[in-house]
Amino acid sequence: MVNTVEKPAGKAIVIVDDETSFTELLGRLLGEYFNCPILTFSNPLKMLDVLTTLNIGVLVTDYYMPHCNGLELIRKVGELLPAPPPCLLITGHAIDDDDSGMPPHLKAILPKPFRWQQLAGLIEKHWPANTASPLRETTQSLHG
């Protein structure tokens, strides 16, 4: 299932989590803070199927999902795209975050539970510098 929070065209925030209600809620909350497309996927393999058609600013993925865990997804994105986007991993599980085994485009691991503002701050921090700010004009930065 793909949900789109309608926003102006440009780089998108892509959220991948098999908990559909969670991705929908997170998409709505982030949609009030950011002025960019927000795409949600409940199946990582379906996201990979359309990966080359997406203009990703930041990819946010859960770790524990059927078919492909979040770390595998991030690695596959790195293999399929010449310039992979910054990726954020959210998880309720302990992960060995030994830097030698982590893809360089994985920028942060955010443990569950978290406040959506924490995720928004990480998205803002890792948004590609060479693109327009994803923030709404009336939004104050959470990043400092």
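For this structure, a couple of remarks:
- Packing order of peptides 27-35, 107-115, highest average first: 27-35, 107-115 (average count of other Cβ atoms within 10 Å over each peptide's residues).
- As computed over the chain, the Cα convex hull volume per residue (Å³): 112
- Using a Gaussian network model of the chain in which every pair of alpha carbons under 10 angstrom is joined by a spring, one finds that among 53, 61, 91 the greatest mean-square fluctuation is at 53.
- If you sort the three axes of the alpha carbon gyration tensor as a ≥ b ≥ c, you get a/c of 1.5 or more for the range 9-53 and a/b no higher than b/c, which makes it oblate.
Laboratory data are not the source of any read-out in this text; all were calculated from the coordinates shown. Just so it is clear, the model here is predicted, and its values are computed rather than measured. Every residue, glycine as well, gets a Cβ built from its backbone with ideal geometry; the counts of neighbours run over all protein chains shown.
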